[in-house]
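J.: Pasting in a structure now, in structure tokens, and then I'll have a few things to ask.
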């Protein structure tokens, strides 16, 4: 909790100047009041498909799920992946526990990442049935997975 696009600023500052870097706010990919993973993913795909060149995608948590899902569905558009704390098969029980904990968090914790509290809870509820394991063999680019 608490990450947004500006959380990547220091990391991006270490990249060479000749590398075009775009770091979108994930909250820009949902419609307020209707925050479902399927809709967020569709908006993310539209955004990524707007680039002409192959992409090097890096994502943390939800961003990693979106990047992996995109690489499975559009392997010809992805040059490489860096996935930080990714999930490819959502742990349903842990998501339920997480959402219970989210109900006790103050709404400001969600606003700092660009989500309304209920929208974020709806989003995570909509992710419970995600299982990308059947498509992992479609990822043909180099992948680095970082967990800690």
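J.: So how many Å³ per residue does the convex hull of the Cα atoms of the chain work out to?
T.: Per-residue hull volume (Cα only) is 115 Å³.
J.: Please give the calculated 222 nm ellipticity per residue for the chain, where each DSSP H segment of at least 4 residues contributes -39500 (n - 2.57) and the sum is spread over every residue; nearest 500 deg cm²/dmol?
T.: Calculated mean residue ellipticity at 222 nm is -11000 deg cm²/dmol.
J.: Evaluate E = 1/(1 + (r/R0)^6) for residue 53 and residue 7, where r is the Cβ-Cβ distance and R0 equals 30 Å; express this FRET efficiency to the nearest 0.05.
T.: The pair residue 53/residue 7 has a calculated efficiency of 0.75.
J.: Could you calculate the contour length gain from residue 136 to residue 34, that is, 0.36 nm times the residue separation minus the distance between their Cα atoms, to one decimal place in nm?
T.: In short, 33.9 nm is gained.
J.: Highest mean first, how do 79-91, 130-142, 3-15 rank when packing is the count of other Cβ atoms within 10 Å averaged over residues?
T.: The packing order, highest mean first, is 79-91, 130-142, 3-15.
J.: Moving to a separate point now. Would you mind computing, in nm to one decimal, how far apart the modelled labels at residue 23 and residue 102 are, each placed 7 Å from Cα along Cα→Cβ?
T.: 2.3
J.: Among the DSSP beta bridges whose two residues both lie in the chain, what percent are antiparallel, rounded to the nearest 5?
T.: 15
J.: Can you figure out the FRET efficiency of residue 93 with residue 117, using R₀ = 22 Å and their beta-carbon distance, to the nearest 0.05?
T.: 0.55
J.: Which parts of segment 62-90 would a label at residue 129 reach, counting a residue when its backbone N lies under 17 Å from a point 7 Å out along Cα-to-Cβ?
T.: Backbone N within reach: 89-90.
J.: Going by how many other Cβ atoms sit within 10 Å of their own, how do 78, 22, 143 line up, fewest first?
T.: So the ranking, lowest neighbour count to highest, is 22, 143, 78.
Every read-out reported here was derived from the displayed coordinates using simple, explicitly stated rules and does not represent laboratory data. What you are looking at is a predicted structure, and each value in this text was computed from that prediction instead of being measured. As a convention, Cβ positions derive from the backbone with ideal geometry for all residues, glycine included, and neighbour counts pool all protein chains shown.
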